[in-house]
2 protein chains.
Amino acid sequence: MSNDSIKLIDEIGKKARKAARQLAWLDSGSKNATLHAMADALIACKKILQVENEKDLEAGEKNGLTDAMLDRLRLTDQVIASMAEGIRQVAALPDPIGEINHMRRLANQLQVGKMRVPLGVIGIIYESRPNVTADAAALCVKSGNAVILRGGSEAFHSNRAIAAALAQGMEKGRVPSDAVQVVSTTDRAAVSALLKADQYVDIIIPRGGKGLIQRVMDEATIPVIKHLDGICHTYIDADADPAKAIDITFNGKMQRTGVCNATETLLIHEKVAKTILPALAKRLNQADCVLRGCPETIRLVGEVAPVIPATEEDWDTEYLAAILAIRVVKNLEEAMDHIDAHSSRHTEVIVTENHATAMRFVREVDASAVMVNASSRFNDGFQFGLGAEMGISTDKLHVRGPVGLEGLTCEKWIVLGDGQLRS
Amino acid sequence: MSNDSIKLIDEIGKKARKAARQLAWLDSGSKNATLHAMADALIACKKILQVENEKDLEAGEKNGLTDAMLDRLRLTDQVIASMAEGIRQVAALPDPIGEINHMRRLANQLQVGKMRVPLGVIGIIYESRPNVTADAAALCVKSGNAVILRGGSEAFHSNRAIAAALAQGMEKGRVPSDAVQVVSTTDRAAVSALLKADQYVDIIIPRGGKGLIQRVMDEATIPVIKHLDGICHTYIDADADPAKAIDITFNGKMQRTGVCNATETLLIHEKVAKTILPALAKRLNQADCVLRGCPETIRLVGEVAPVIPATEEDWDTEYLAAILAIRVVKNLEEAMDHIDAHSSRHTEVIVTENHATAMRFVREVDASAVMVNASSRFNDGFQFGLGAEMGISTDKLHVRGPVGLEGLTCEKWIVLGDGQLRS
């Protein structure tokens, strides 16, 4: 690790720590006013953002980024407007900080409860989409945390310009300007230094592909809130309503395919496979969805739509594409066993009209979200009403599922006494 | 790492995973009945426990364990009775599993809420006190988790005998016997294997000295709930009631000295140092507490009691003994700056009659528990009414402060629909 990178992260870390202490108890009004000023500044700086963004786009083309990647990188008028709007939406959310819960009086008259407080300093390491810079800054400021942002080198100029614009806005508010800092170097060693800066950073949130997340997990000595694979299942039960079953599976798979909460595997009870599978397979096939199935699926569907024989690997694959693995199962137990063995514990769906079956599935399946008769695509901070999200956690500790403002906070115990002593 | 150890942990892990799935949704009545049977079995096996314990005590004497260590290792009639009583107390606690919170209806009529569920498989690595075996087993069974226990080699025979007794009890109940497993080898490589068994273990909880916790942090690839130093401060404010200030400091320091929530440093406002410090120092000195102070402390107290000049190191030392570091500060800000720089974020106390000062301290000081006018010794699961605890977490994520049953659980989102699709 280069000394320059260590020194840089050390400086940034110290400033962040100091800013975090000032920010932790800033009133909501001041935080919200600053957020609106940040949104205004993004709009005001539109031209500069687009000039800087053009540099990244040109470099990206030279470096052979795909059209899809260039698209995600591009700061169009609309993207900039929606970044600003996103910040204003965060300003409109309730402030979680300072909430006191479970306050009660003990036998010795001590008042004991819990108060919600910021985590402190959050490090965010992300790829590609430059709008994460604005999103993450807004969520951290609102939840009273200082943030250190490290974007991908492919968006270097864009991220730096966005950070400069946000800083202009922050100058007009009471949030300390060091509350949002960008690591302005493309040196990869800076990421390593950030991942080990225990003394300054309370938590690391990686946002990006598997490669990035694996690197963060391997190197970080700081706790990580992460988001791994989304191998999500939809199980059509013997007591499913056929129309709902087809719609929910189709929506879960096809509404958007490149996302973590898309359905990757369909499990279907053998009793209804014969009636439901052919119609469903036909609809998927017409939408250009590739089907990969077990032998029974091939037997039932083969005449309606092409089915590639599924291998063991299919059950463990996150396609992120218009591909669906299909397996016919004997019963609920076999479905739950399959899910237990292959799920990434992200989102699991059952389609059934049977109450007892639904409740058993909800109780026993282990995932960040378990759903009855709804599309897997609903596992999302906006859909759940959190107002915004910083990714979807597949961890079990601290926060599971969409990470909203509350996921960026913790609770400390507070004890109010009148001279109580322990005997 | 030896292949035998990896194989052993692999076998134990597989069984634990299977047991966890069965245990997760066992009804409270069955779990409680099993816990009572486990308590009964401990009492019934008293003789065997003591015979096995004698082997550890003899080995301990040969290996030069101190009297204090031998004392903590000894399974007297009373220790066994209180282990059994501890299990019964856990049985009497409310079952946290299955609780559904924040259930609400979204605009599209989806019902969305959170359900409390077990973490899964918990690995506990601990030293010395064999009663941890019974405590931890009871807390894990009650919270629906399977547990893998690895005690210290100095308590090898005792732990194995306790586990065998608990297993006898479990045979009479409906909890799968693999829900509580002990790693029965003194091979240290087994610990390394356990710390890396991601595929089976959801969380590691180390209980013991700094050496153990550091090793776990360095080696674990599984999330850890840990408990590091307790460098706790009591700050006597300018508006403190002198009698309360003296009692609270004395109790915080001397009620029990070898524990994490004992006060290690006293900070005192210069306005009241002259009146309060001499009387407090005298009382501490009479109780054989060693004082280590700043120059101003020495000036004020020197004639009443001996004070060793404190060095910078003192402010960062967890004495775990009858030693108190004392520093006179100019004001609340200087006290909070000192705490921010030196605290281990375990327990922080202010003594004051001033409401605004108390509220500011409560808001701004970052620790697992912040107290007003109460002894630092109250930061404890039993004192806070949790009924039992698995240590006190100094982490910020997931659980802060005493880890009770709820700390051994997480929440998953549940979504109840009627065919909703995402558009």
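The values are calculated or read from the model by the stated rules, or taken from the named source; none is laboratory data. Everything numeric here is computed off the predicted structure, so don't read it as measured data. When we count neighbours, we look across all protein chains shown, and the Cβ atoms used for this are built from the backbone with ideal geometry, even at glycine. Each accessible area value is taken on the protein alone, full model and side chains, heavy atoms only, with ligands, DNA and RNA left out. Shrake-Rupley method; radii C 1.70, N 1.55, O 1.52, S 1.80 Å.
Couplings 3J(HN,Hα) of region A:241-258, computed from phi: 6, x, 5, 4, 4, 5, 5, 5, 5, 4, 5, x, 7, 9, 4, 7, 8, x Hz, in residue order, whole Hz [Karplus 6.51 cos²θ - 1.76 cosθ + 1.60, θ = phi - 60°; x for Gly and Pro]. Here the label points at B:GLU312 and A:GLU406, each 7 Å from Cα along the C-beta direction, are separated by 4.4 nm in the simple model. Find the centroid of the Cα atoms in region B:344-363 and in region A:2-45, then give the distance between the two in whole Å. Cα centroid of region B:344-363 versus Cα centroid of region A:2-45: 26 Å apart. Annotation: amide H-H contacts under 5 Å for B:ILE323 (H modelled 1.01 Å from N, sequence separation of 5 or more, or interchain): B:VAL290.
In straight-distance terms, cross-link reach from B:LYS62 covers every one of the aspartates and glutamates whose alpha-carbon lies under 17 Å from its own, apart from those fewer than eight places away in the same chain; here that gives B:GLU52, B:GLU54, B:ASP71, B:GLU154. Listed values for region A:405-412 are Karplus-derived 3J(HN,Hα) couplings in whole Hz (6.51 cos²θ - 1.76 cosθ + 1.60, θ = phi - 60°), namely 4, 4, x, 9, 10, 9, 10, 10, and x replaces Gly and Pro.
Given the pairs A:LYS15/B:LYS226; A:LYS31/A:LYS226; A:LYS196/B:LYS226; A:LYS114/A:LYS226, which are separated by over 21 angstrom at their Cα positions? A:LYS15/B:LYS226; A:LYS31/A:LYS226; A:LYS114/A:LYS226, as the Cα separations exceed 21 Å there. Assuming charge only on the beta carbon of Lys and Arg (+1) and of Asp and Glu (-1), the dipole of region A:26-85 about its Cα centre is about 100 debye to the nearest 20. Nearest beta carbon of chain B to the B-to-A rotation axis, with distance in whole angstrom: B:HIS398, 2. Considered as an equivalent ellipsoid built on the Cα gyration tensor, region A:17-119 has semi-axes of 43, 16, 12 Å, the largest given first.
Note on surface exposure: B:ARG129, A:ARG17 rank B:ARG129, A:ARG17 by accessible area, highest first, 1.4 Å probe.
Going 7 Å from the Cα of A:ASN3 in the Cα-to-Cβ direction, what parts of region A:190-207 have a backbone nitrogen less than 19 Å from that spot? Within reach of a label on A:ASN3: A:190-194. Inter-copy label distances for B:GLU406: 1.2 nm (label point placed 7 Å from Cα along Cα→Cβ; shortest first). The amide H of B:GLN420, built 1.01 Å from its N in the peptide plane, has A:SER375 as neighbours under 5 Å, considering only residues 5 or more places off or on other chains.
Take the alpha carbon gyration tensor of region A:232-378, find the square roots of its eigenvalues, order them as a ≥ b ≥ c, and report rounded if a/c is under 1.5; if not, report prolate when a/b exceeds b/c, else oblate.
In terms of gyration-tensor shape, rounded.
Return one number: the angle in degrees, 0 to 90 and rounded to the nearest 10, between the long axis of the Cα atoms of helix A:28-44 and the longest principal axis of the Cα atoms of chain A. Helix A:28-44 sits at roughly 80 degrees to that axis. Distances between equivalent label points of B:GLY209 across the copies, with each point positioned 7 Å along Cα→Cβ, amount to 4.8 nm, shortest listed first. Ordered from highest to lowest accessible area with the whole protein assembly present and a 1.4 Å probe, B:MET103, B:MET83 read as B:MET103, B:MET83. Within the protein assembly as shown, the percentage of alpha carbon pairs spaced more than 55 angstrom apart rounds to 14%.
Relative contact order of chain A, please, whole-number percent, based on alpha carbon pairs below 8 angstrom and at least 6 residues apart.
18
Averaged over its residues, region B:232-383 has an accessible area of 37 Å² per residue, based on protein heavy atoms and a 1.4 Å probe.
Want the number for A:ASP337 to A:LYS62: 0.36 nm per residue separation, take away the alpha-carbon distance, what's left?
Gain in length upon complete extension: 94.2 nm.
Taking Cα atoms only, the orientation of helix A:210-219 departs from the longest principal axis of chain A by about 50 degrees.
Give the relative contact order (percent, whole number) for region B:232-383; include only Cα pairs under 8 Å separated by 6+ residues. Please report the intermediate quantities before stating the final value.
On the way: 294 pairs, mean separation 50.7, N = 152.
Here the relative contact order equals 33 percent.
Restricting to DSSP H runs of at least four residues, report the calculated mean residue ellipticity at 222 nm for the protein assembly as shown, -39500 (n - 2.57) per run over all residues, nearest 500 deg cm²/dmol. Mind dumping the intermediate values first?
On the way: 28 runs with 363 residues, N = 846.
Counting only the DSSP helices, I get -13500 deg cm²/dmol.
For the protein assembly as shown, a simple Cβ point-charge model (Lys and Arg +1, Asp and Glu -1, everything else neutral) yields a dipole of about 920 debye relative to the Cα centre. When accessible surface is computed with a 1.4 Å probe, chains B and A are found to bury approximately 5600 Å² between them, both chains counted.
Could you sort A:HIS233, A:HIS355 by their accessible area in this structure, using a 1.4 Å probe and putting the largest first?
Values: A:HIS233 0, A:HIS355 130 Å².
Highest to lowest solvent-accessible surface, that is A:HIS355, A:HIS233.
When only Cα pairs below 8 angstrom with a gap of at least 6 residues are kept, region B:90-199 shows a relative contact order of 23 percent. A crude spin-label estimate for the pair B:MET359 and B:SER177, with each label 7 Å from Cα along the Cβ direction, gives 6.0 nm. Modelled spin-label separation between A:ASP288 and B:VAL290, with each label point placed 7 Å from Cα along the Cα-to-Cβ direction: 7.8 nm.
Annotation: amide H of B:THR409 has no partner in the under-5 Å range at sequence separation 5 or more or interchain, hydrogens built in the peptide plane. Relative to the other identical copies, B:ILE48 shows label-point distances of 7.7 nm, where the label point lies 7 Å from Cα along the Cβ direction and values run shortest first. Largest mean-square fluctuation among B:SER143, B:SER28, B:SER375, in a Gaussian network model of chain B whose springs join Cα atoms under 10 Å apart, belongs to B:SER28.
What net charge do the residues around A:VAL301 carry, taking every other residue with its C-beta under 14 Å from that of A:VAL301, with Lys and Arg at +1 and Asp and Glu at -1?
Numbers: positive: A:LYS274, A:LYS282, A:ARG283, A:ARG292, A:ARG299, A:ARG327; negative: A:GLU270, A:GLU296, A:GLU303.
After counting each charged neighbour, the total is +3.
Could you compute the net charge surrounding B:ARG17? Neighbours are other residues with a C-beta less than 12 Å from the C-beta of B:ARG17; K and R count +1, D and E count -1. My count for the surroundings of B:ARG17 gives -3.
For A:SER153 and A:LYS196, what does the FRET efficiency come to when R0 = 22 Å and r is the distance between their Cβ atoms, rounded to the nearest 0.05?
Details: r = 20 Å, r/R0 = 0.91.
About 0.65, to the nearest 0.05.
Principal-axis analysis of the Cα atoms of chain B puts helix B:131-142 at an angle of about 60° to the longest axis.
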